[in-house]
Amino acid sequence: MNEIRTSGGLQADVVAPVQPPRSVVPIDIVIFGVRIIEFLTVLLAGIVALSLWADVIPAVDVPIYSRTMLGGALIFALVSEIMGTYDVDCHFSLRRAWQRLLGSWVVSGLFLITIGFLLQISEGFSRGWALTWFVTAATMLAGTRAASTLWVRRLKGQGVFNSRVAIFGAAAQGQKLAQYIRGNSKLTISLVGFFDDRRDGRVPVIVDDIPVFGTSDDLVAMIREGLIDQVIVALPWSAETRIRQVVQKLALTPVRIRLAPDLANFAFAHRPLVLLGDLPVITLFERPISGTDAIVKRAEDLVLTLLILFFLWPVMLIVALAVKLDSPGPIFFRQPREGFNNTTFDVLKFRSMTHDTCQTDGIQQATRDDRRVTRVGRIIRATSLDELPQLLNVLQGHMSLVGPRPHAPSTRAAGRPFHEVVQTYAARHKVKPGITGWAQVCGWRGETDTEEKLVKRLEHDLHYIENWSVPFDLYILLRTVFAVLFPKNAF
């Protein structure tokens, strides 16, 4: 039992959940050990492969294979660092760890193959040994990381890595911080309790089962006893003088001192913190698919579009003839749509409605058994062949192969314009619209006759924007093929 003076100046006997003085094991030391083990694992896998192929590989060539294994292990170590294989979060999530670990090994293998090809030395190596080394190393690395992850999780559960943290400031800001720490399982922190200099009764004895120990003087005393490893000052940033006074007092103690975010920052706790010079700032929103990513996506669009056109131009020619022969009017239908940054462009489609009912303003979306749709139009709409001319929009740079589907400015959901139904609707225009998209392959295509359909479509579009990658695009394109073969909600 510890006698504790509360912020109200009263004394109370409270069981203090404070651990005795101890040395915290930095998780960085454990991660460094995992690095060494996995480096040796790659070498061991090469030795195992070498022993299995000993009858094929001449003894005189063993030093060359040994140097190759050492070079491969060093390349793997470098690639692993670049790909974040040893980030702290990868030691608590086995799925994330395996993704980055095996991805690093695959990249390392491809790099070795490329080097061997360029130097014209690959012919001198046993293909069987190389394949055995690759498979054995991947298996052993996966097993080693599974064991280390379980071990690290167990140590974390025992509090081995946890630093004992005290929060100075028991008001709303400190309480928000405590809730965040308790709700984040990845943090290696044990909360000791709150401290606060206010003695006017505004601070309770216990806040959310966490004791309020007393003033800054009590905090310094507990630090001197070796009971606290870190202090986080959770005072309003507007109280600059008060913060300076507390920090000056704590600066004389041998512990880490940090300043908690202001209350408004907790609303954006998931956003990254970057340095603007020496000034930390929170990045609220980035322009998605920008910089190198934008170049990669544009290259992806051009290469795949030209490849698709190479195979599908006969189909497009047949559809164009069918449209022309089925009903009078132009082959293509042009309609203004909203694109990147809310700019408008003319989307191209094969005409699927009678020419006199095609709308370019005040557009009414097609419905099931719509009388405006022609005989050929019904077929090409059901099979999505009417969308093929949009490949030309992709080449022009107005669209991408994959992205949020472009909507006409005048379209409505349940009688209301899209932007009135969902305030964040314009966020889908942060990227170029696509011929196909995540919402479409998940079934949210066709008529948006209800507000719920629009909301679901927008949710999928934003998910795509925030999680874009080339593999994700390829996956959506593959799903699109199946969606075309087994169409739903297309009329």
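The values are calculated or read from the model by the stated rules, or taken from the named source; none is laboratory data. Keep in mind it's a predicted model, so treat the numbers as computed, not measured. Every residue, glycine among them, receives a Cβ derived from its backbone with ideal geometry; neighbour counts consider all protein chains shown.
L273 - would you say it is touching a helix residue (DSSP H, G or I) at 6+ places or on another chain (Cβ under 8 Å) and of a type in the set (A, V, I, L, M)? Criteria not met by L273. Against the test of being at pLDDT below 85 and surrounded by 14 or more Cβ atoms within 10 Å (Cβ to Cβ), the options V247, V192, V207 yield a single qualifying residue, V207.
Residues in the range 392-404 that are in a helix (DSSP H, G or I) and either outside the structural domain of H460 (by TED's automatic domain parsing) or under 9 Å from D301 (Cα atoms) (or both): V394, L395. Considering each residue of the range 303-316 in turn, none proves to be closer than 14 Å to L392 by Cβ and not in a helix (DSSP H, G or I). Which one is nearest to E300 (Cα to Cα), of the residues in the range 454-464 that are surrounded by fewer than 19 Cβ atoms within 10 Å (Cβ to Cβ) and either in contact with a Pro (Cβ under 8 Å, 6 or more places away or on another chain) or at pLDDT below 85 (or both)? It comes out as K456. Whether a residue is of a type outside the set (F, W, Y) and exposed (fewer than 15 other Cβ atoms within 10 Å of the Cβ) was assessed, and D217 passes this test. Does G128 meet the test of being under 30 Å from F161 (Cβ atoms), assigned by TED's automatic domain parsing to the domain that holds V42 and surrounded by 13 or more Cβ atoms within 10 Å (Cβ to Cβ)? Answer is no for this residue. Every condition in (1) free of Cβ contacts under 8 Å to residues at least 12 places away in the same chain; (2) of a type outside the set (A, V, I, L, M); (3) touching a helix residue (DSSP H, G or I) at 6+ places or on another chain (Cβ under 7 Å) is met by F194 except one, and the failing one is (1).
The residues listed here are L101, L70, L110; of these, the one that is out of contact with any Leu (no Cβ under 9 Å at 6 or more places or on another chain) and not basic (K, R) is L110.
Take L317 and tell me if it is loosely packed, with under 12 Cβ neighbours inside 10 Å and in the same structural domain as F472 (by TED's automatic domain parsing). Criteria met by L317. Do you know which residues across the range 155-174 are closer than 21 Å to M222 by Cα and not in a loop (DSSP other than H, G, I, E, B)? S163, R164, V165, A166, I167, F168, G174 - these are the residues of the range 155-174 that are closer than 21 Å to M222 by Cα and not in a loop (DSSP other than H, G, I, E, B).
With respect to (1) more than 31 Å from the chain's Cα centre (by Cα); (2) modelled with pLDDT under 75, the lone exception for I282 is condition (1).
Do we have I57 as in the same structural domain as T144 (by TED's automatic domain parsing) and part of a helix (DSSP H, G or I) here? In short, no.
Every residue, every condition in (1) touching a residue at least 24 places away in the same chain (Cβ under 8 Å); (2) under 19 Å from S400 (Cα atoms); (3) polar (S, T, N, Q), yes or no:
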{"site": "A251", "(1), (2), (3)": "no, no, no"}
{"site": "R256", "(1), (2), (3)": "yes, no, no"}
{"site": "F268", "(1), (2), (3)": "no, no, no"}
{"site": "D278", "(1), (2), (3)": "no, no, no"}
{"site": "T292", "(1), (2), (3)": "no, yes, yes"}
{"site": "F311", "(1), (2), (3)": "no, yes, no"}
{"site": "G329", "(1), (2), (3)": "yes, no, no"}
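Taken as a whole, the condition of being assigned to a loop (DSSP other than H, G, I, E, B) and either outside the structural domain of G46 (by TED's automatic domain parsing) or buried (at least 18 other Cβ atoms within 10 Å of the Cβ) (or both) applies to T85. Only one residue in S238, S290 is under 30 Å from K430 (Cα atoms), assigned to a loop (DSSP other than H, G, I, E, B) and of a type in the set (S, T, Y), so which one is that? Unique residue meeting the criteria: S290. Among the residues in the range 55-67, are any under 14 Å from F134 (Cα atoms), of a type outside the set (S, T, Y) and surrounded by 14 or more Cβ atoms within 10 Å (Cβ to Cβ)? Among the residues of the range 55-67, not one is under 14 Å from F134 (Cα atoms), of a type outside the set (S, T, Y) and surrounded by 14 or more Cβ atoms within 10 Å (Cβ to Cβ), which makes the answer no. Looking only at the range 259-279, residues that are in a strand (DSSP E or B), under 22 Å from the mean Cα position of the chain (by Cα) and surrounded by 11 or more Cβ atoms within 10 Å (Cβ to Cβ) come to 1 in all. Residues in the range 326-339 that are within 12 Å of S352 (Cα to Cα) and not in a strand (DSSP E or B): D326, S327, P328, G329, P330, I331. Taken together, I232, I257, I167 contain a single residue that is in contact with a Lys or Arg (Cβ under 6 Å, 6 or more places away or on another chain) and outside the structural domain of S93 (by TED's automatic domain parsing), which is I232.
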